[in-house]
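The values are calculated or read from the model by the stated rules, or taken from the named source; none is laboratory data. As the structure is a computational prediction, the values presented were derived from the model and not from experiment. Glycine also receives a Cβ, built like all others from the backbone with ideal geometry; neighbour counts cover every protein chain displayed.
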Amino acid sequence: MVQKRKLNNSKYTVERVLGSGRFSQTLLAYHTAGDRKDERLVIKTLRMFDENSTRKSSEEIKKLNDKLHREATKLSKCDHPHVVQLIDEEFTERDSFGNELVCLPLEYICALSLDKLDKRVLPEKEALRYIRQIGEALIAVHKKGLVHLDIKPDKEWQLSERIDRKP
């Protein structure tokens with residue numbers, strides 16, 4: 001559980017961890033001031049420990065920070081209605097060990113994932129609409145040099161939440 005930690009000079013407050021991947025974690029946060037006060041966002045940053053609870057080395061942190069920076073650069077050029085957008089400049093934060101971590105502020109989309117749909121067989125037309133939207137989003141990110149390695153129906157904070165439920 002993440003405490004209500006302030007990030008980016010108190011611009012954002014972290015509510016909780018939404019998920020963790022192999023090298024990064026995704027945090028649910030909200031704006032703490034200005035015209036966007038209380039608006040939610042997602043912050044993607046490095047995961048400091050691997051699956052064995054071993055802390056990453058300085059070299060590994062630098063390498064992964066570079067990877068996140070490249071991802072932010074490519075994502076900022078990807079304009080598609082079914083791809084989560086970078087909403088602000090990337091920033092860095094120091095963790096409790098003094099390591100500088102790259103943080104990517106991303107738009108938050110109300111949680112909807114395919115596995116939360118009714119446990120029924122989808123009509124072909126509806127299933128094809130979802131498949132088309134996901135496929136178009138993947139094509140858009142691939143054209144910008146990004147590869148999404150974790151497309152699953154239960155990933156509320158991934159591309160699946162961008163699915164348009166309207167016909």
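Within the set of pairs 6+ apart or on separate chains, which have a first residue in region 13-26 that is of a type in the set (Lys, Arg), a second that is not in a strand (DSSP E or B), and C-beta atoms under 9 Å apart?
Pairs found: Arg16/Met1; Arg16/Val2; Arg22/Arg47; Arg22/Asp50; Arg22/Glu51; Arg22/Leu149; Arg22/Asp150.
I need the full set of residues from region 107-152 which are surrounded by 12 or more Cβ atoms within 10 Å (Cβ to Cβ), at pLDDT 75 or above and outside any helix (DSSP H, G or I), in order please.
Result: Glu107, Tyr108, Ile109, Leu122, Lys144, Gly145, Leu146.
Which members of region 56-86 meet the condition of being out of contact with any helix residue (DSSP H, G or I) (no Cβ under 9 Å at 6 or more places or on another chain), among the aliphatic types (A, V, I, L, M) and closer than 23 Å to Ile134 by Cβ?
Ala72
Would you please name the residue that is surrounded by the fewest Cβ atoms within 10 Å (Cβ to Cβ), looking only at residues in region 32-66 that are charged (D, E, K, R) and under 14 Å from the mean Cα position of the chain (by Cα)? Give the steps one after another, and end with the answer.
Let us first name the residues in region 32-66 that are charged (D, E, K, R), namely 35-40, 44, 47, 50-51, 55-56, 59-60, 62-63, 66.
Still in the list and also under 14 Å from the mean Cα position of the chain (by Cα): 40, 44, 47.
Working: Arg40: 15, Lys44: 24, Arg47: 17.
Here the residue is Arg40.
Would you check which residues across region 123-148 are under 20 Å from the mean Cα position of the chain (by Cα) and β-branched (Val, Ile, Thr) and list them?
Ile134, Ile139, Val141, Val147, listed by residue number.
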